[in-house]
Amino acid sequence: MLSISDVHTFYGHIEALHGVDLEIKEGEIVTLIGANGAGKSTLLMTICGDPRAHSGQIVFQGRDITRLPTHEIMRCGIAHSPEGRRIFPRMTILENLQMGAITGNPDRFDQNLERVFGLFPILQERGGQRGGTLSGGEQQMLAIARALMSEPTLLLLDEPSLGLAPLIVRQIFDVIRDINQSSGMTVFLVEQNAFHALRLADRGYVMVNGEISMTGSGKDLLNDPEVQRAYLEGAVG
Amino acid sequence: MEYFLQQLINGLTLGAIYGLIAIGYTMVYGIIGMINFAHGEIYMIGAFISLISIMLLESLAGGSVIVALFVVLIVAMILTSLYGWALERIAYRPLRSSPRLAALISAIGMSIALGNYIQLTQGARNKTLQPIVQGNLELMKRDDGFTVVLSYMQIGIIVTTIVLMAAFSLMIAKTSLGRAQRACEQDRTMASLLGVNVDRTISLTFVMGAALAAVAGFLVVLYYGVIDFYIGFLAGIKAFTAAVLGGIGSIPGAMLGGLLIGLIEAFWSGYFSIEYKDVAAFAILVLVLIFRPTGLLGRPEVEKV
């Protein structure tokens, strides 16, 4: 479904991704783990064309999207819940969700709204509240809900667990699994919380300094001694 | 009391026109964070296009005046919008990721270029128009003969402005284009991640600002009947002042600021001296900036994210 081959990305003169190869198949949950600054978020943003890949190729559903402008890439059926959530602070929850539905089918807006309210009832209760006044957990839910409003075939999630209470993290991961199983939506999840992510994912990739260093099934990576030492220390339990 | 009422009417009329121009400043600032210093010239071009269209239609003669004026208004809005659109494409889009100073200089350059372009093509002399909309209502008469007058033209200006501003506010608040504009204003990257064509949204913002400035130009031509290539400068600075006074980036602020500047000017000219009306308007700006740097309806820069 999504195939990334030999992608290099620069921020100014600094090379952030040094030739990344990665493959995601339809209906999978794939996770990308790695330390802070490894380039995980950069890879997600490169898929979206902002920043654009300097070289290499990104193919989504048979179409080369490497050189498309961001808004056209997102119209191919990709949705992104980015790093830092990026909720529109001076828009209400409902308006944020309407923004998420831009690339979706307008006839299915009510249905999709009902669906995300079903997943995150708190958003319905707070519908008229402005995004900037929500708590971190609520903003994260809103960011995911907003990404779901367009019914994407591929959902990109950047650290949905960052800074959230363990209970909410569980809730969010449950929702991701439910959506994947019920609607077959493909999920590409970037996480620092490697334990949760690898348990959820079918397959995983490990990124170190802008390169993929390891790949395997979620279970294999969980049991890999090197992964355990580097990313799971003290997290198991 | 009668004198006060008359100045109020004059002030409201003037303020409505400033408000229409100020919206263009505040919207562009909101979406790309720069002051479009060529906006006053866009207004001036709107006035010239209106004048030329009126003269063309007059020479053709016939038909109802109201319909003819409506046609002129639409023509002026469309053509002036094209100028606004081209201005953004030529002078600002290539500099979007450059330092702000570069865009600022480009804006001032465009302002001078557009002013000179009209001076060269239309001549430097005043252009006049015979009054078209005449007649007025006498509201009150004082014993000494002073009469409070509300002209049909003033009614036209105030009503047009109210209708346009209401329609415009509704558009920003309720339509998907308005939402996309607010989204670009708050987080351009995120807007594009949701499928918003940011370049197109910014272009449309310039187009809308220019269309409103064209309405102001049209109204001024009919109201004063005299324009020249230089009117864009002072009106532009006044409308910019109005936008800052109301809180730059805030659309209700631009409307309020426009009204206040108009009223200050009218009352100052009515009660003190007409020579110093500009000084009064700008003095108020200085005071507001000292005591309330974000303007009356502006919000502080820091946001909880």
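The values are calculated or read from the model by the stated rules, or taken from the named source; none is laboratory data. Quick caveat, the model's predicted, so the values are computed rather than measured. No Cβ is skipped: glycine too gets one built from the backbone with ideal geometry, and neighbour counts run over all protein chains shown.
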Query - The one condition in (1) at pLDDT below 95; (2) assigned to a strand (DSSP E or B) that A:N36 fails to fulfil - result: (2)
Requested in this report: Would you check if A:I144 is of a type in the set (A, V, I, L, M, F, W, C), closer than 23 Å to B:C184 by Cβ and part of a loop (DSSP other than H, G, I, E, B)?
Outcome: no
Report task. Give me a count of the residues in the stretch A:161-183 that are at pLDDT 90 or above and either at positive phi or part of a loop (DSSP other than H, G, I, E, B) (or both). Result -> 0
Report summary line: From the option list B:V133, B:V65, single residue qualifying as over 23 Å from the mean Cα position of the chain (by Cα) and either of a type outside the set (S, T, Y) or closer than 16 Å to B:G46 by Cα (or both) is B:V65
Query raised in the report: Just one of the numbered conditions (1) buried (at least 16 other Cβ atoms within 10 Å of the Cβ); (2) in contact with a Phe, Trp or Tyr (Cβ under 6 Å, 6 or more places away or on another chain) is not true of A:V116; which one?
Result: (2)
**Report entry** Residues located in the stretch B:199-210, provided they are among the hydrophobic types (A, V, I, L, M, F, W, C) and surrounded by fewer than 24 Cβ atoms within 10 Å (Cβ to Cβ)
**Finding:** B:I202, B:L204, B:V207, B:M208
Query raised in the report: Could we say that B:G236 is crowded, with 23+ Cβ neighbours inside 10 Å and modelled with pLDDT under 90 here?
Result: no
Requested in this report: Hey, can you tell me all the residues within the stretch A:127-150 that are away from chain B (no Cβ under 12 Å) and surrounded by fewer than 19 Cβ atoms within 10 Å (Cβ to Cβ)?
Outcome: A:G127, A:G128, A:Q129, A:G137
Query raised in the report: Does B:M171 count as without any contact (Cβ under 8 Å) to a residue 12 or more places away in the chain, among the hydrophobic types (A, V, I, L, M, F, W, C) and surrounded by 13 or more Cβ atoms within 10 Å (Cβ to Cβ)?
Result: yes
Requested in this report: Name the residue, out of B:G195, B:G145, that is at positive phi and surrounded by fewer than 18 Cβ atoms within 10 Å (Cβ to Cβ).
Outcome: B:G145
Query - In the stretch A:74-107, residue farthest from the other protein chains (Cβ to nearest Cβ) [restricted to those that are assigned to a loop (DSSP other than H, G, I, E, B) and more than 23 Å from A:L162 (Cα to Cα)] - result: A:N105
Query raised in the report: Of the conditions (1) touching a residue at least 40 places away in the same chain (Cβ under 8 Å); (2) surrounded by 22 or more Cβ atoms within 10 Å (Cβ to Cβ), A:L123 fails just one. Which one is it?
Result: (1)
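To keep it simple, each residue is scored yes or no on (1) in contact with a helix residue (DSSP H, G or I) (Cβ under 7 Å, 6 or more places away or on another chain); (2) surrounded by fewer than 23 Cβ atoms within 10 Å (Cβ to Cβ); (3) not aromatic (F, W, Y).
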site	(1), (2), (3)
B:L20	yes, no, yes
B:Y25	yes, no, no
B:M34	yes, yes, yes
B:L56	no, yes, yes
B:I78	no, yes, yes
B:L82	no, yes, yes
B:W85	yes, yes, no
B:I90	no, yes, yes
B:L101	no, yes, yes
Query raised in the report: Of the residues in the stretch A:123-137, how many are modelled with pLDDT under 90 and assigned to a helix (DSSP H, G or I)?
Result: 2
Report task. Please specify each residue of the stretch B:149-199 satisfying the condition of being of a type in the set (G, A, S) and within 14 Å of chain A (Cβ to nearest Cβ). Result -> B:A173, B:S176, B:G178, B:A180, B:A183, B:A191, B:S192, B:G195
Query raised in the report: Among A:G131, A:G218, A:G137, which is in contact with a strand residue (DSSP E or B) (Cβ under 6 Å, 6 or more places away or on another chain) and farther than 17 Å from A:I78 by Cα?
Result: A:G218
Query raised in the report: Can you pull out the residues in the stretch A:47-73 that are in contact (Cβ under 8 Å) with a residue 40 or more places away in the chain, within 14 Å of another protein chain (Cβ to nearest Cβ) and under 24 Å from A:N180 (Cβ atoms)?
Result: A:I47, A:C48
Query raised in the report: If B:Y224 passes every condition in (1) hydroxyl-bearing (S, T, Y); (2) without any contact (Cβ under 8 Å) to a residue 24 or more places away in the chain; (3) buried (at least 22 other Cβ atoms within 10 Å of the Cβ) but one, which one does it miss?
Result: (3)
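Conditions (1) without any contact (Cβ under 8 Å) to a residue 12 or more places away in the chain; (2) within 14 Å of another protein chain (Cβ to nearest Cβ); (3) crowded, with 23+ Cβ neighbours inside 10 Å, marked per residue:
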{"position": "B:L245", "(1), (2), (3)": "no, no, yes"}
{"position": "B:A266", "(1), (2), (3)": "no, no, no"}
{"position": "B:E275", "(1), (2), (3)": "yes, no, no"}
{"position": "B:L296", "(1), (2), (3)": "no, no, no"}
